[in-house]
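Since every read-out is calculated from the coordinates, none of them should be taken as a lab result. Just so we're clear, the structure is a prediction, and the values are computed from it rather than from any experiment. With ideal geometry, Cβ positions are generated from the backbone for all residues, glycine too; neighbour counts draw on all protein chains shown.
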Amino acid sequence: MGNEENTPLSFEDKENMMVRFNQLYYSNNTSFKGLQLPYWMRNYGQYLAKELKGNLPIYYPKFSAGTIVMTDFGVRVGDELSGGHFAVVINNDDSKYQRNITVVPLTSKYHKGHVRINNEIFVKAINLAHDRAVELSTIQQELDESHERLVTQVFEFLQTLKTDTIRRFVNFFYQSVKNNIPLELPNEFNSELLSSLTSETAINELLMVNDFISETSKQVKQSSARLKEITPEVNEITKLLEKLDRYNNDSFVDVSNITTISKLRVKKITRYTITGNISLSKESMQKIKKSLLKRI
């Protein structure tokens, strides 16, 4: 059988081998596995394509024992766990060069042989959400204070100008900074500004204004860029808070479904996800290991 499976097949043979699978794949099966199958085929194809095309990462995330990760278990047979589930990493010797990790999945339902870890995940997720919310609040406060300083800076500069047309020009800029809107000048204003440059004072003021606006605009752009950076982070923290409702009860570790998986099947980690940012206590890990040893 092993030699047969290493033999290249014709296109027709490959088609024949897929008949039964295609019948299931394109059926209207509404079971959990039936609904999950298309998504798993998409994900599996992506994982396998990376490997066969030589696009695997050089380095992988390093996980400590006890780390919670969201894992794509795919669609498996019988009582093997399928779909996306949180799982606990149990490796003690992981490194950035290791492609695989060994995990035991988490579930919200108790079955005989499962290890209860109470509401530890919920409590730690609450703490994570609180810490990240404080970080974002601090950044937002700093941006607000920076904006207020810029507004004051432009207003005070405006008061030093003597040429009316140039004052109007800077006032447009002031309104732009104050209200966080693009600088827009009336169509006729440029010619009006040029015609006002009839004295050395006006020319010197305009040169000074040009330097001032150039420097201030850089600061405005920096603040705007930072604000754009944290906007997705605010969305991430919102998603995290929404997910917490699902984990406000006890959780259980399904040690019967211990498995080794590719790290490619671990959901992307950010600072605002439960996956990769929460670890079980030593006490919970000891309970898991004790239960695993009983099964050997």
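Some notes on this structure:
- Listed by chain and number, the aspartates and glutamates placed with their C-alpha closer than 17 angstrom to that of residue 282 are 93, 120; residues fewer than eight positions away on the same chain are left out.
- Extension gain, residue 53-residue 226: 0.36 nm per intervening residue step, less the Cα-Cα distance, totals 58.6 nm.
- Note on 103, 170: ascending count of other Cβ atoms within 10 Å places them as 170, 103, the fewest first.
- Trypsin sites (Lys or Arg not before Pro) within region 248-296: DSSP coil, no more than 12 neighbouring Cβ in 10 Å: 268
- Hull shadow area, averaged, the chain [alpha-carbon convex hull, nm²]: 25.9 nm²
- Sorted by Cβ neighbour density within 10 Å, fewest at the top, the residues 293, 81, 106: 293, 81, 106
- Region 127-243 - Debye-derived log10 I(q)/I(0), Cα point model, q = 0.20 Å⁻¹: -1.05
- In the chain the longest region clear of GluC sites (Glu not before Pro) that are loop-assigned by DSSP and have at most 15 other C-beta atoms within 10 Å covers 189-296.
- Difference of contour (0.36 nm per residue) and Cα-Cα distance, residue 195 to residue 46: 47.3 nm
- Inter-part distance where region 15-67 and region 145-171 are each reduced to a Cα centre, Å: 59 Å
- Dipole of the chain, positive direction: furthest Cα of 111, 25, 183, with charges on the beta-carbon: 111
- Efficiency of FRET from Cβ geometry, residue 10 and residue 118, R₀ 35 Å, rounded to 0.05: 0.05
- Only lysines eight or more places from residue 14 in sequence, or on another chain, were considered; those with a Cα closer than 28 Å are 33, 50, 53.
- With K and R counted +1 and D and E -1, the other residues having a Cβ less than 13 Å from that of residue 19 yield a net charge of -1.
- Label sites at residue 80 and residue 183, each approximated as a point 7 angstrom past Cα along Cα to Cβ, lie 6.4 nm apart.
- Computed E for residue 292/residue 108 - FRET, C-beta separation, R0 22 angstrom, nearest 0.05: 0.60
- The chymotrypsin sites (Phe, Trp or Tyr not before Pro) of region 50-87 that DSSP puts in a loop, and whose beta carbon has at most 10 other beta carbons within 10 Å, are 59.
- Additional length obtainable on full extension of the chain from residue 149 to residue 235, 0.36 nm per residue less Cα span: 28.2 nm
- Region 155-275, relative contact order [Cα under 8 Å, separation at least 6], %: 20 percent
- Relative exposure of 270, 165, 30, 138, judged by other C-beta atoms within 10 Å (fewest first): 30, 138, 270, 165
- Partner lysines for residue 239 [C-alpha distance under 25 Å; skip if fewer than 8 residues away on the same chain]: 62, 109, 124, 228, 263, 267, 268
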